Structures are given as C-alpha cells and as structure tokens.
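The values are calculated or read from the model by the stated rules, or taken from the named source; none is laboratory data. Not measured: the values here are computed from a predicted model. Every residue, glycine among them, receives a Cβ derived from its backbone with ideal geometry; neighbour counts consider all protein chains shown.
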Amino acid sequence: MDRAGQAQCVDRGGAEAAPAERGARRQRPCRRLLAPAALLAVLLVVGPTPADGQARRQSPKPSPTPNPMLAQLENVIAELREINATLGTLRTGLADVGARLDRLEAAQGELKGVSTPMREEVRGLYVETSNVRSEIARLEEKSAAEAASVGKSRYVLTLLLVATAVLQLVVLAVLLRSR
C-alpha cells in the first residue's frame, strides 16, 4: 500500500476506506507505523543522547601538574594573535599605500595634462629660435658683404678724391702759368 493509503488509514480511521481495504489489510499498515514510532519514542526518552557522551568526553579531570604543552600552545596562540594584529596593521598600511598611489597617479595625470602642452610650446619656441638664429646668421653674412662693399666704395671714393685733387692742382697750375 502507498502513503496515501496509510494517510487514509490514519486520518479516517478506516471507516471511509475503500471496500477492498476493509478488514485485515486495512489494519496492517497502521500497525506497521505504530511499532517503529513507539520504539523511537522509547529510545528518545530512555537512551543516552550523543551530546551527553560528548560532554562527558570533553571535560577531562584536572591534573595536579600543569601540562607543558598547554603553555606552549598558549605561547603559540599569543604569537598568532600578535601576527594577526601585525597583519591587520600591514593590511591597513597597504590600503593607505594604495590610496597614495591612486593620488599620485591622479597627480601624474594632471602633470601630463600640463606638461604636454608645455612641451609643444617649447618645441614651437625652439623652432622659432632656430628660425631667428638662421635669420641672424643670414643678416651677419649680408652685413659682412655690405661692409666689404662699403670698404671698396671708400677706397674708390678716396681714389676719386685724390684724382679730383690732383686735377684741381693741375688746373690751378695751368691757370697760374697762363698768367
């Protein structure tokens, strides 16, 4: 019989069960359930619980001499607590370092934002300076050429003046002789 039939046997008391289940068949499933249930109830009330057995095993009798292993265990536990505290401070320190690195990266980004245009400006100034230097060099060459030209002109003018003076002397000498 299935569970639905057992539930009908327990819930309805057998009075409303199907006609084929009346009689001996109907009472067997109910008896099958009663025996294990009663046995379980007796074991729960009378028998020892697993928690009682564990409680008895966990409470050892105190020894008259202290166990050296307990002292070592306490030392190890204290060292582990110190290590845990040190690790905690290191974690907070690492978090602080991470925050500082983030701030430095942000500052570096800002500096790059400023330095890139400045580099471009410096590059432009370098090009302009190079152009000015080349212009100065060209003007120096031109002025040197002009100075050389003026020097030649002075020489020629000096020769002309000397020639004019000589001619004037010749003219003056001719005028004085003709008189």
Practice problem: Return yes when R91 is basic (K, R) and modelled with pLDDT of 90 or more and no when it is not. | Solution: yes
Quiz prompt | Close pairs (9 angstrom Cβ cut-off, 6 or more residues apart or separate chains): surrounded by 10 or more Cβ atoms within 10 Å (Cβ to Cβ) in region 93-108, at pLDDT 95 or above and not acidic (D, E) anywhere | solution = none
